[in-house]
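Scroll down for the structure; my scribbles are underneath it.
Every number in this text was worked out from the coordinates using simple rules, so none of it is lab data. Everything numeric in this text was worked out from a predicted model, so none of it was measured. All Cβ positions, even for glycine, are placed from backbone atoms using ideal geometry, and neighbour counts span all protein chains on display.
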Amino acid sequence: MIKKWGIIMTLSKEDYKHIPEISDIENKKPIFWKNPDYNKKADLRFDLADIFDADARWQRFAPFIAKVFPETKNDKGVIESPLIKINEFQNQWNEELSDSMHIKGSLFLKADNLLPITGSIKSRGGIYEVLKFAEHIAMTKGDLTYRDNYAVLAEEKFMNIFAKYKVAVGSTGNLGLSVGIAAASFGFRTTVYMSHDAKDWKKDKLRSNGVEVIEYDSDFSHAITEGRKCAQADANTYFVDDESSSDLFLGYSVAALGIQKQLKDHNIVVDDKHPLVVYLPAGVGGSPSGVSFGLKQLFGENVYPVFCEPTHVPSVTLGLITGQNSNICVEDFGLDGLTAADGLAVSRPSKIAGPIMRTLLFASATFEDKDVYRYLARLEDTEHISVEPSATAGFCGLKALIAKEVAMNTPKTTHIVWATGGSLMPDNEKIHNYQYGKTLN
Ligand SMILES: *Cc1c(COP(=O)(O)O)cnc(C)c1O
């Protein structure tokens, strides 16, 4: 169903038959869609000042984070992941594929799978939104000032205030983990509404942190709708809304500041002769949009974001291609919305992703599930880096770009594949994924 001019209408797929990619999407064939509106002028609702505002908030909270999450102590409470040059992976790729498919420039992995606390990119958005809410409560119901050392927020005086409030979120897994663990660390009462694809170990981990987990035997869009309803019924509940949250978005955008410094440390220049292409897996579209927006603010026309989605769940891509954004879902096009890449099993895009990415997204690629397992095993074999299936989606985008955009694959191009999660996966799941990937290689 789509809403047009406020009227709910049944979608006629015929409306979009003139778009060449639509029949491939309906037939679950991988596509590489170049965005015709890329780099056009547009009024974006955020700017660089919003990113610095978010970054300053992260910094104010660093002493608190270092105190309550001991694994961040060595980094003084800063939540950041390494940018890793993956030469062995690149060498194997180039040995195996024909000359025209070689990666000619440099290849990096942004290892958000190693981010502290949740082992996924959701540490950026989910934790940030909880920090912002905690700061608001601590200033309006307590006596916190911006100049205080925020480590005081771990003291009983503030914990007693936080205990009067509830934080809730709907999630396929990783967002629930990050919001749940962060909110519990302040002493907020916390509820996570989970969709059918959420893994048991994620639910167990949340419960062991004192988080209430409510399970739905349905997809993410349903879990979030139910969660939102329950939260709205209670004035003291704050709902982290993955379908429309600016705070999540800005939390993700801060990643760009880290990348800027890390590229410099690797002696990588980004300018009109040295393009940067960034490959981001998209679920609801919040994290890839936030990161892309941040990078665009810093690198302008010289950075090229590419979104990567499963052929069964190309929700953000469909929203952009049709211009319907969050008014459409993949089921409207006869797709089942099922994928093994659990962070990406979201059939309706967020309200934020489409409008912002309309002019910022260079291209979008869709992939078959078996390819993410294949790359997962290769990353383990060549670089000894273990990630979850969603996290290798970027390699599918890279391959599509090399095949379709020959001019962009030069020795001066830097490619960053964003590895979005996986370090907290239990060993048996890691082994199972790896072994499955090996059978495909
Ligand atoms: C959530 C998630 C994504 C996608 O982020 P969205 O904001 O949903 O687009 C990608 N990979 C992993 C591992 C995730 O958890």
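Couple of notes before you dig in:
- Using alpha-carbon coordinates, inclination of helix 286-299 to the longest axis of the chain, degrees: 80
- Within the same chain, lysines fewer than 8 places from residue 404 are excluded, and of the rest, those with a Cα less than 19 Å from its Cα are 28, 29, 34, 104, 412.
- On Cα atoms only, tilt of 174-186 relative to the major axis of the chain in degrees: 20
- Among 225, 237, 145, residue whose mean-square fluctuation peaks in a GNM of the chain (springs only between Cα atoms under 10 Å): 145
- Prolate/oblate/rounded label for region 9-50 (Cα gyration tensor, a/c 1.5): prolate
- Calculated mean residue ellipticity at 222 nm for the chain: -13000 deg cm²/dmol, from DSSP H runs with n ≥ 4 weighted as -39500 (n - 2.57), summed, divided by the residue count and rounded to 500.
- Listed by chain and number, the aspartates and glutamates placed with their C-alpha closer than 13 angstrom to that of residue 17 are 26; residues fewer than eight positions away on the same chain are left out.
- Ordered by the number of other Cβ atoms lying within 10 Å of each residue's own Cβ, fewest first, 175, 401, 335 fall into the sequence 335, 401, 175.
- Region 278-437 shape via C-alpha gyration tensor axes, a/c threshold 1.5: oblate
- Cα-Cα P(r), region 189-312, percent of pairs per 10 Å interval: 12, 31, 29, 19, 9, 0
- Total formal charge among the other residues, if their Cβ is under 12 angstrom from that of residue 295, Lys/Arg +1 and Asp/Glu -1: +1
- Going by neighbour counts of Cβ atoms within 10 Å, the residues 332, 75, 265, 24 line up, fewest first, as 265, 75, 24, 332.
- Between region 370-441 and region 306-347, the alpha-carbon center distance in angstrom: 20
- Pairs over the 24 Å Cα-Cα cut-off, from the set 273/351; 166/229; 122/157; 40/110: 273/351; 122/157; 40/110.
- Overall size of region 325-416 from C-alpha positions, given as principal axis extents largest first: 41, 30, 21 Å.
- Residues whose amide H falls under 5 Å from that of residue 193, counting only those 5 or more places apart or on a different chain, are 169, 170, 171, 214, with hydrogens built in the peptide plane.
- Remark: the Cα gyration tensor places region 121-248 in the prolate category, a/c being 1.5 or greater and a/b exceeding b/c.
- Charge dipole of region 227-293 (Cα centre as origin; +1 on each Lys and Arg Cβ, -1 on each Asp and Glu Cβ, all else neutral): 120 debye, rounded to the nearest 20.
- If only the Cβ of Lys and Arg carry +1 and only the Cβ of Asp and Glu carry -1, the dipole of the chain around its Cα centre is close to 780 debye.
- Residue order, fewest to most surrounding Cβ atoms within 10 angstrom, among 38, 165: 38, 165
- Which of 100, 113, 134, positive extreme of dipole for region 1-138 (C-beta unit charges): 134
- 5 Å binning of all Cα-Cα separations within region 122-168, expressed as whole percents from 0 upward: 5, 20, 33, 24, 15, 4
- The dipole here belongs to region 121-248: it is taken about the Cα centre, uses +1 on the Cβ of Lys and Arg and -1 on the Cβ of Asp and Glu, and is about 280 debye.
- For the chain, modelled as a GNM whose springs connect Cα atoms under 10 angstrom apart, the maximal fluctuation among 146, 128, 279 occurs at 146.
- Where the alpha-carbon atoms of the chain are placed on the principal axes, they occupy 64, 53, 47 Å, in descending order.
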